[in-house]
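What follows is a set of notes on a single structure, which appears directly below.
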Amino acid sequence: MSAVLYRIGRFSASRPWVLIGAWVMIAIVVVVAAGTAGSELEDSFEVPGLDSQVAVELLSDAQSEQAGLTARLVATPIEDGATFFDSAAARDRLVVVRSAIEALPTVIGTSDPAGALSAGQDAAVSSGEISADGRVALMTIQYPVIEELDAGDLGELKDAVAASSDGSQLRIELGGDLFQNFEDPGGGSAEMIGLLAAIVILLLAFGSIIAAGLPIGIALFGLGVGIASMSLIDYVVDIPSWAPDMATMIGLGVGIDYALLLVTRHREFLAEGLTVADAAGRAVATAGQAVIFAGGTVVIAILGLAVAGVPFMTAAGIATSIIVAMMVIASVTLLPAFLGLSGHWINRLGIHRRHGIGGGVGSGWQRWGRHVTGHAWPYAIGVTVLLLALSAPVLALRLGFPDEGTLPESRTERVAYDLIADGFGPGLNGPLVVAVDLDSGGDTSVVTPLSEAIAADPGIAAVAPADIDEAAGIATIVAFPTTSPQDDATFATVQRLRADVFPEVLADTPVTAHVGGQTATFGDVADRVSQRLPWFIASVVVLSVLLLTLVFRSVLVPIKAALLNLLSIGAAYGVLVMVFQWGWGKELIGLETTVPIVSFIPMFMFAVLFGLSMDYEVFLLSRVREDYIATGDNDGSVISGIAGTARVITSAALIMICVFGGFVLGDDPTIKMMGLGLAVAIFVDATIVRIVLVPATMKLMGDANWWLPGWLDRVLPTIDIEGESGLPERELEGGDQPAPERPEGVEEERILVHS
């Protein structure tokens, strides 16, 4: 494959405008097509086979209003101490606002808290639309199913409320499903902070503005094309609205990382006196081969999310995989075109005179390598204990989904959530929708005893009157838990209704009941992911062991690598539990309340991090193996490997930490969680694991590191992932003339640089 990649890289560098023009044309076509015919990304939590999904399908088939989205308007009198019981002006304004909302084209209907007040104080409170103290009014606004809506409907609601409420009588806050599906979470500039930090690191590392700018530019270009394509891919698979944010985070990290390593290798070849075209071709043939290996591993691992059996996770995985694949392709085709275009200018426009990122063996790292290998047992035991301690909170991992109660207090959805919880109880923020299939007989006699049994459950605060559609054979019962949507007790109530309450009432009937609603759906998804997560982890680990066995022709090295990757990822999981579930240091990342770990985050993190960890593992161990084959000295090769690769690993990891860390500053707790988890895992992997635990364990294992049974050695194909075998003779600048003076920023000794 190296020969093919060499030809690609050389062609791109020799004819840069051909490749650049082709990419620009592709970008124009994709962007124009997305802008004119692209599909609107929508959130769908449909998961076949779940009880909550059965409830949704029943309600949808019966064309029940409960099948659509809802918005909630929460109002309270502005005047201190005033209530809806004694303020006629507040009640009148509530009528005006309701009339304006009902006039909206997509609104099916609304509840009528003002009408409930006209029936008297007791009737208003019992309706569930006025709080017991009269301070809070709740209006539920019913919309059709999500497929018939878009972000414009949310904008129309906001405008109608703003125009009809003069602000003198009522304080009005909004929330509900409509906001969760179409509201822009904001914080879009947060990731720019991480990107700017990455630029600074690249400038300091390369010492050249051009060399530093190329990885950023290629990553942004590839990301732009990939994100634009998602609205087109949405025609084939339903891409969730949050997938672009997730893909942006991962795409920027890997894109900059891959381009950085290719630029580094190219500059090393230039420093050896090679022509620009030959240097670019060899960079793609060597570092590019490893980039394809690493990127392919990430893509395969992310596509493995399909084992969860959750369609929206699979779709998000496909979207993210496309971005990663785009970064790989751009790195091995578009980047060498710019390398050819920049020529030797890549080493100019320097900002300082120091050794670059691709420098050789550093004496400081050599001393560190000798120190670690000289104290292998203490370091191996101490670091392992530390990582196990960081991983221990995983035992308390609780999967779920953030709701409006986890948003910043500045958001109207959060204020509405708190007002509802204070006025009516926390359970009103997460109602359970029970869909009762009355079967073809339409037997309605069981609805009343079923409602009574649900109301009698200790986890249920109240039950609304049942809505019976005899023609459709469906009854709908809305129940309000005593606990908040994020409380573990709420999903326990859901499970108890399914396992105990429903069978007891419906045992001798053909009638079935199913619990739906957003709270039940999120709980069901989290439960399924928890069941499938061990299988997903096992499959990714097995895949990585097989691939590393092929690359390094060793049995113990791949197993050790997999175990160490598990430790670094486990530590990241543990930090997420400590911060997001337990609240340790949550203020430092702008988190105002604790939240459960989003159900798909562990799988996404594991897929991405295992691929990236293998990237660093291949980089380090290739150098170690190269030296071991040449010398037969295990201890010396370990020290040499650490000294020759630590600078590159550290720099690349620091850039990724900055990119991922930038997303922690946003408002969306899901993106915050993913960013922190990735940043922590990369930090642990690139520091504690790669430069401490790996050399310590390899020292202890000695020559056994490279043991491979003879029969397996004969069966396995040989993969030269970093070598130059099969490439043509090197082309020097000026033919047979001596190599030109080495440009500043590049050290004398060339190192093995790849992903």
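Within a straight-line Cα-Cα reach of under 17 Å, K699 can be paired with the following lysines, leaving aside sequence neighbours fewer than 8 residues apart in one chain: K560.
Per-residue Karplus couplings for the range 582-588, computed as 6.51 cos²θ - 1.76 cosθ + 1.60 with θ equal to phi - 60°, are listed in order as 8, x, 5, x, 4, 5, 5 Hz, Gly and Pro entered as x. By how many degrees, between 0 and 90 and to the nearest 10, does the Cα long axis of helix 412-424 differ from the longest principal axis of the chain? In the chain, helix 412-424 runs at an angle near 40 degrees to the longest axis. Note the listed values (i) 2, 11, 16, 18, 17, 14, 10, 7, 4, 2, 1, 0, 0; (ii) 3, 13, 21, 21, 16, 11, 8, 5, 1, 0, 0; (iii) 3, 13, 22, 24, 20, 12, 5, 1, 0, 0, then indicate which one is P(r) over Cα pairs in 10 Å bins from 0, in percent calculated from this particular structure. Calculated P(r) over Cα pairs in 10 Å bins from 0, in percent: the matching label is (ii). In terms of the mean number of neighbouring beta-carbon atoms within 10 Å, the peptides 324-333, 588-597 order highest first as 324-333, 588-597. Mean sequence separation of contacting Cα pairs (under 8 Å, at least six apart), scaled by the length of the chain, corresponds to a relative contact order of 22 percent. Against the chain, whose longest principal axis comes from its Cα atoms, helix 88-102 is set at around 60 degrees.
Farthest toward the positive end of the dipole of the chain, out of V541, G120, P481, is the Cα of V541, where the dipole comes from beta carbon charges about the Cα centre.
Ranked by the mean number of other Cβ atoms within 10 Å of their residues, highest first, the peptides 444-456, 304-316 come out as 304-316, 444-456.
Under a model in which nothing but the beta-carbon of Lys, Arg (+1) and Asp, Glu (-1) is charged, the chain shows a dipole of about 4120 debye around its Cα centre. Note on I346, I460, I193: ascending count of other Cβ atoms within 10 Å places them as I193, I460, I346, the fewest first.
For the range 409-522, a crude dipole built from +1 on the beta carbon of Lys and Arg and -1 on the beta carbon of Asp and Glu, taken about the Cα centre, is about 280 debye to the nearest 20.
Using only Cα atoms, tell me the angle between helix 634-662 and the longest principal axis of the chain; keep it within 0 to 90° and round to the nearest 10. So the helix axis and the longest Cα principal axis differ by about 40 degrees. Ranked by the mean number of other Cβ atoms within 10 Å per residue, highest first, peptides 92-105, 227-240 order as 227-240, 92-105.
Using C-alpha pairs below 8 Å separated by at least 6 residues, the relative contact order for the range 70-175 is 46 percent.
When the charge dipole of the range 580-728 is built from unit charges on Cβ atoms (+1 for Lys and Arg, -1 for Asp and Glu) and taken about the Cα centre, the candidate among G583, V664, Y628 whose Cα reaches farthest toward its positive end is G583. The H on the amide N of I460, modeled in the peptide plane, is under 5 Å from the matching H of T482, each at least 5 residues off or on a different chain. Considering only V529, L261, I250, the residue lying farthest towards the positive end of the dipole of the chain is L261, judged by Cα position with unit charges set on Cβ.
Note: relative contact order over the range 1-142, using C-alpha pairs below 8 Å and six or more positions apart, is 23 percent. Charge tally around V694: other residues with Cβ under 9 Å, Lys/Arg +1 each, Asp/Glu -1 each, net +1.
Summarising the amide proton neighbourhood of G516: residues at separation of 5 or more, or on other chains, whose placed amide H is nearer than 5 Å comprise V433, V434, A435. Close amide H partners of R171, meaning residues 5 or more places away or on another chain with modelled amide H under 5 Å apart, are T76, I78.
Sequence-ordered 3J(HN,Hα) estimates for the range 249-258 from the Karplus curve with 6.51, -1.76 and 1.60 and θ = phi - 60° stand at 4, 6, x, 4, x, 6, x, 5, 4, 5 Hz, glycine and proline given as x. Evaluated with a Cβ-only charge set (Lys, Arg +1; Asp, Glu -1), the range 70-175 carries a dipole of roughly 200 debye about its Cα centre, given to the nearest 20.
For the range 128-155 versus the range 619-650, the inter-centroid distance based on Cα atoms is 62 Å.
How charged is the neighbourhood of D527? Take every other residue with its Cβ under 13 Å from the Cβ of D527, and add Lys/Arg as +1 and Asp/Glu as -1. Residues near D527 contribute +1 overall.
Read-outs: derived from the displayed coordinates by stated rules, not from any lab. Note that the structure is predicted; figures quoted are calculated from it, not measured. Note that we place each Cβ from the backbone using ideal geometry, even for glycine, and neighbour counts take in every protein chain shown.
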